[in-house]
Amino acid sequence: MTRRASALRTLLATGAALVSLAAATAPSAQADPEPTAPKEFVALRSVDPTIIQEMRYTTAHNFVGERIDGYRQPLCILTRPAAKALRQAQRQLLRLGYSLKVYDCYRPQRAVDHFVEWAKDLDDEAMKKEFYPHVDKSRLFEDGYIAEKSGHSRGSTVDLTVVKLPAHPTRPYVPGEPLVACHAPASERFPDNSVDMGTGYDCFDTLSHTEDPRIQGEQRANRHLLKSTLSGLGFVNLAEEWWHFTYKPELFPDTYFDFPVARRSVAGH
């Protein structure tokens, strides 16, 4: 080998070594791993598997009309004290021939952001006829139906109802099917195995106010059954939504989490 060839070979080897070293020491191009839940969060099924779960935001049957960002799996996640309190409520209701059913539990901030972006698009009213038939979409923020932060993101708030046992499964929603107003009689609106609460879940209407005087008879009694059961165990009802309850005291009263709704978020808890 000539002296020039030997020098060239040495130079190439040195260059290759420098490239390898740079690759080894360069910052990783991979995205940061997604956040997981603090150890104080649990999957509700691990605390009480008898509570029915119908997680609406993993489906298209909601006021947006599509699966909501951050809902990877149909799973109820809550702080452990809230989940344990629901277990106590379930035991009381089971003795009366009822079961709790949850529609939504912990809600990641990215889901709230999805709601906000949808609300700003005034042309998208695909689900108006069912979920907000009497509310102008331009007023959703002003009237308090949509906000940039949600107590659900703190982990101790749950949307739920009561089901008479034995529970019959709710049929799947078919995107594009005819919509019926959420405040229509129970026999006309989208079928739900819940007892009749006077409106469907997520009904943007004053009839959803827990103590609205127009709600009487069996519907009022059903609302009071849910509220009295939960209130005795530390839950506080949001007056504007018969389905919305927050367990007090909250473990994270000032923190809005953004880990996805997925089993991996609470693995090992």
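What to note about this one:
- Annotation: of all residues in the stretch 152-171 being in contact (Cβ under 8 Å) with a residue 12 or more places away in the chain and surrounded by fewer than 17 Cβ atoms within 10 Å (Cβ to Cβ), the one that is farthest from residue 248 (Cα to Cα) is 171.
- Neighbours by Cβ (under 7 Å, 6+ apart or cross-chain): first from the stretch 230-259, farther than 12 Å from residue 154 by Cβ; second of a type in the set (Asp, Glu) and at pLDDT below 95: 259/34
- Looking only at the stretch 43-74, and only at residues there that are outside any loop (DSSP other than H, G, I, E, B) and hydroxyl-bearing (Ser, Thr, Tyr), the one that is surrounded by the fewest Cβ atoms within 10 Å (Cβ to Cβ): 46
- Answer from 264, 223 - the residue that is in a helix (DSSP H, G or I), under 22 Å from the mean Cα position of the chain (by Cα) and surrounded by fewer than 19 Cβ atoms within 10 Å (Cβ to Cβ): 264
Listed here are the residues, each with its yes/no results for (1) of a type in the set (Lys, Arg); (2) farther than 16 Å from residue 34 by Cβ; (3) touching a residue at least 12 places away in the same chain (Cβ under 8 Å).
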| position | (1), (2), (3) |
| --- | --- |
| 73 | no, no, yes |
| 77 | no, no, yes |
| 83 | no, yes, yes |
| 87 | yes, yes, yes |
| 91 | yes, yes, no |
| 97 | no, yes, yes |
| 101 | yes, yes, yes |
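The values are calculated or read from the model by the stated rules, or taken from the named source; none is laboratory data. Keep in mind it's a predicted model, so treat the numbers as computed, not measured. Here Cβ is always computed from backbone atoms with ideal geometry, including for glycine, and neighbour counts include all displayed protein chains.
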